[in-house]
1. Residues in the range B:207-230 that are buried (at least 21 other Cβ atoms within 10 Å of the Cβ), more than 14 Å from the chain's Cα centre (by Cα) and of a type in the set (Val, Ile, Thr): how many?
2. Please go through (1) surrounded by fewer than 21 Cβ atoms within 10 Å (Cβ to Cβ); (2) in contact with a strand residue (DSSP E or B) (Cβ under 8 Å, 6 or more places away or on another chain) for B:Gly204 and return the number of the only condition it doesn't satisfy.
3. When you check A:Ala21 against the structure, is it over 27 Å from A:Leu336 (Cβ atoms), under 24 Å from the mean Cα position of the chain (by Cα) and part of a helix (DSSP H, G or I), yes or no?
4. Among (1) modelled with pLDDT under 90; (2) within 11 Å of chain C (Cβ to nearest Cβ), there is one condition A:Ala200 misses while meeting the rest; what is its number?
5. Is it the case that some residue within the range A:173-191 is of a type in the set (S, T, N, Q), under 28 Å from A:Trp153 (Cα atoms) and over 16 Å from the mean Cα position of the chain (by Cα)?
6. Please enumerate the residues belonging to the range A:365-421 that are over 29 Å from A:Thr435 (Cβ atoms) and of a type in the set (A, V, I, L, M, F, W, C).
7. Pull up the range B:83-100, narrow it to residues that are buried (at least 20 other Cβ atoms within 10 Å of the Cβ) and within 17 Å of B:Ala132 (Cα to Cα), then point me to the one that is farthest from the other protein chains (Cβ to nearest Cβ).
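The values are calculated or read from the model by the stated rules, or taken from the named source; none is laboratory data. These figures come from a predicted structure and were not determined experimentally. Note: ideal-geometry Cβ built from the backbone for every residue, glycine included; neighbour counts use all protein chains shown.
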Amino acid sequence: MPDFVAPTLDLHALAPEFVLAGVVCVLLLLDVVLLDRAKAIVGSIAGLGLLGSLVPILTLATSDHPTRTMFGGSYVVDSTSLLLKALFIVSAYVVVLLSTNYIGEGDYWESEYYTLLVSSVLGMTVMASARDLISIFVALELLSIPAYMLAAWSKRDGRSNEAGMKYYLMGVFASAILLYGMSLLYGWSGSTQLSEIGRAIGEKNSPAVTLGVVFVLVGFAFKVSAVPFHMWAPDTYEGAPTPVTAFLAVASKAAGFVALIQVIGQALVLRMNVMIPVVAVLAALSMTIGNLIALRQTNVIRMLAYSGIAQAGFMLAPFVASQYGGIDAIVIYLVLYAATNLGAFAVVMAIARRTRSAEISSFGGLFSYSPGLAVALSVFLASFVGIPPLGIWYGKLSVMRALIESQGRWATVLAIFVALNTAIAAYYYLNVAKTMWFDDAPEGESTPIKVPTSLRFAVGIALVATIALGVYPGPLTDAATPEATPAAAPSGR
Amino acid sequence: MFAIDPLLESVDGSAVLIVLLKVVVAFAALMIAVMAMVWFERKVVARMQNRLGPNVAGPFGILQTLADGVKLFFKEDLLPREADRPVFRLAPYLSLVPAFLVFVVVPLGGDFSNDRHGVVSWFGKETLVQVADPHIGILFVLAMSSMAVYGVMLAGWSSGSKYPLLGSVRAAAQMISYEAALGLSLLAVLLNSGSLSTNEIVSGQSGWNWNLWATGVVPFIVFFIAATAELNRPPFDLVEAEQELVGGFHTEYSSLRFALFFLAEFMNTITMSAVIVTLFLGGPNGPSFGPGWLQAILPTVWFLAKLLVFLFVFVWLRGTLPRLRYDQLMDLGWKLLIPLALGWFLLLAAFKIGQDEGWNRAVVGVVGTVVILLGALLISMAVGTARARRAAVEVEA
Amino acid sequence: MIASLFAAQACAPSECFAVPANIAFGICALLMIGAAIKVVTETNIVHAALYLVVVLAGVGVNYLILQAEFLAVTQFLVYIGAIIVLFLFGIMLTRAPMGRSDDLDNAKLRPAGIGAAVMLLVVLGGALLSSFGETHLVFSTANSTTALSDAVFNQYLIPFEVVSVMLLAALIGAIVLARRD
């Protein structure tokens, strides 16, 4: 038996994760030491901790050799993964900003709330670097398990309990399917590393590989709430505390996509004939059905949930064109989607503080008494629609470009779907804007809505990101494009 | 190495016979030991309480257990009307079988000095004086002790009566809680031995190099307390607190089925003592002298002597200590034993790493102690917080 | 079941192990299938949990047949010794019905369930047979525990650490959600 060799750790590359783990511990211990006095500062500590973990990401991004590989290629820190980590952390920071008032004013367990939030973010950052099945699965569980419980965090609210329960049961079911698929892929290739699996399944196909690929894709489809595995999403989004909903809709969904990016980009891309039809069907269904149901919603949060399903469809589509910059398009889309969606949630929360409801009708005449919020929400809605130069337009452009450049049959069909669905989506997004600008305000609504500083700050961050990245997307594109494209494959479509 | 037992390197007819012989002997020895243990316990407790104890059946009443067994055997076998029949019938066996199985991995003899790994020569074949020595020996002990929960739990549930149910819920909670402490204190031994095999663990303790002091006594104490709780023996016998629960989980059992529970309980006491001897007191290790035949049986004699010490201590505890309250039981397990075992394990691990890396032992010791004290401080703060909150809630109510 | 734990060591050469391993597997597989069917059809929840024990023990025995002793003991320790015990514990401590409850087995959906199960069986079985049908087991002589621990603390160090954070988070969340306040 050869002696055990300790692995070499690149502590700099792992620093963001270490900072986050430290924040988790500090948040936990503060509660013990300070008792109720801790309540006042846990939110700030969580926010500062998240910002603190951005520091090593920046130093890594500007260091001489930004691509670092550990554990024989199982853990990779490169520019794309740094971008994604930054995305998760900034999203979580915005969620913390959204939470400070909401959680502080409600009947919640505060320090535990932030502990779970930060540990979920830790799972996401690990996911961004994970390049083998076990790391991916474990990271996925770390990011989902706290999310299941956060969805049920208003313990006295039946709808929140239902949200948590549905999310949990569906999520666990999806994990089981995913794990089975992973075990098939591992059984066939004899390795947990994605690159090895890609090599093995690329050489020779077998029914087990086909099943494995389908199961893995189905498992992740649950996580990103793609149709027909979306049933949990609207109920969970509506029932969960709103900041948690924002977290689920943005960070959690993005993490699901990141997992898909790793698995498809590193391994399944070499088994195109199985992967493309599955993904294409999921994408087309998600876009269309998500949009059609969103059309009928009267509640903004439910509408955002269904529109999120449709947006997931837009983001799934470029996987079909993985070899033609499709993956980069997804990363770009993810970042822009996160900025826009978080902004939208922040504004809806600010409004709901006053109106106590998220019905679209209660937004009537918002412009007349609270013009700032109305303008901000309009910007986010316009970005959702894809109106240049606001955020998502560039994402949609990248998606279309990838689809059209690949020229495959499936890609072309999907491109048509994207175009059609963008038109459908414009209707319900702009409908909300119309209500705000042109409808009459409800009785007695004339004083402007007071927005707490933290919410104001959150809206500001999202607004700046949405507009700036839409106007000048150059740096985003650079970061999203990996230096070395993953294993160039024969174009077997 | 595939088979640790040299007997199994080449299997033929005589090897199979030797294995069978070992199984039969181990089984018979355990049964006889249980009988003796019942007598021993009754006699010693009686002495401690200024009574005579069994003194009618046979010399010194030594056949009393046999007489009791015969009596139980001929009693009517009652099945309560509300009982869940299949489970009610199954439960005693679920108690008994794990108790038996733990015994198979305990080395009962053999010379462990000078790297001889307890190999003895029987009928021209080299073998070990234990029924089996799997790589994962000590985990097998843990697995079986976690199986034992089923017998107790299902017996209480299937009786269809409330006292047994309460007794079994208590028992299950207690056994689960203390299993954590048991496992954590075991880790210290594993760290020291670097192996899960019981044979290797005993080999590592040859020449008075017992784990008892090699791991610094604390794991031994934690293990012993946790083992007592795991066995549901006094002072942790809340499971069968007569004043509260009639007879505990086996209230509804009678006749042979009750005898099986009774047997399992004493068997568990013996096997657990044997495990403690194996883990901490060097098993059959001891001074060797005299002629060849004496040298051959001396290890077994040492083993039995150490075993007897623990059996006596268990009886002694029963004769001396009052039963704990339930909250005291849980506090002891969760707030003292588990953190203590974990902290000690970390300290030992730090020393071990320090040894590999050539750090100064004193520095490691000081830093480790400070960290552990800090941890203890945090735990006591957490406990204080919880207590304060509970008090506040009670004031409100 | 226990006999095979020790039988697994009994035979060093890999050839002489194949036949007994196949027989053990056959028996174990039949038991598992029977028990698994009972798990879903049983109307008494405690009995269902006990049948689940049989299924999980069967998995453990399969690990033994594959000579993964450590995995097998972990399976016994974790699934049977902890998870099912907690199931039973939960049933006994809460107000869940402890006896027969007829709504546990949904007879109306039985045809659909059987249909789905058979379809899954055919698809999975076919795929596995055609992909791995020709593969033969290699019975290694290495101490799998050492190899496992080396892998955990080397290649899989990060997932290992991440799991600990995950358990911590799950623990905290579960306590908060379950506690009375």
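1. The total comes to 1.
2. (2)
3. Working: over 27 Å from A:Leu336 (Cβ atoms): yes; under 24 Å from the mean Cα position of the chain (by Cα): yes; part of a helix (DSSP H, G or I): yes.
Here the answer is yes, as A:Ala21 does meet what is asked.
4. Evaluating A:Ala200 over (1) modelled with pLDDT under 90; (2) within 11 Å of chain C (Cβ to nearest Cβ) leaves (2) as the failure.
5. Step one: list which residues in the range A:173-191 are of a type in the set (S, T, N, Q), which gives A:175, A:183, A:189, A:191.
Filter once more, so that each one left must be under 28 Å from A:Trp153 (Cα atoms): A:175.
Remaining after also requiring over 16 Å from the mean Cα position of the chain (by Cα): A:175.
Yes; the residues of the range A:173-191 include at least one that is of a type in the set (S, T, N, Q), under 28 Å from A:Trp153 (Cα atoms) and over 16 Å from the mean Cα position of the chain (by Cα).
6. Initial filter on the range A:365-421 (over 29 Å from A:Thr435 (Cβ atoms)): A:398, A:400-416.
Within the range A:365-421, A:Met400, A:Ala402, A:Leu403, A:Ile404, A:Trp410, A:Ala411, A:Val413, A:Leu414, A:Ala415, A:Ile416 qualify.
7. For the range B:83-100, the residue satisfying everything is B:Ala99.
Yes/no per residue for (1) within 14 Å of another protein chain (Cβ to nearest Cβ); (2) aromatic (Phe, Trp, Tyr); (3) out of contact with any helix residue (DSSP H, G or I) (no Cβ under 6 Å at 6 or more places or on another chain):
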residue: A:Leu58; (1), (2), (3): no, no, yes
residue: A:Thr67; (1), (2), (3): no, no, yes
residue: A:Met70; (1), (2), (3): yes, no, yes
residue: A:Asp78; (1), (2), (3): no, no, yes
residue: A:Leu97; (1), (2), (3): no, no, no
residue: A:Gly104; (1), (2), (3): no, no, yes
residue: A:Met127; (1), (2), (3): yes, no, no
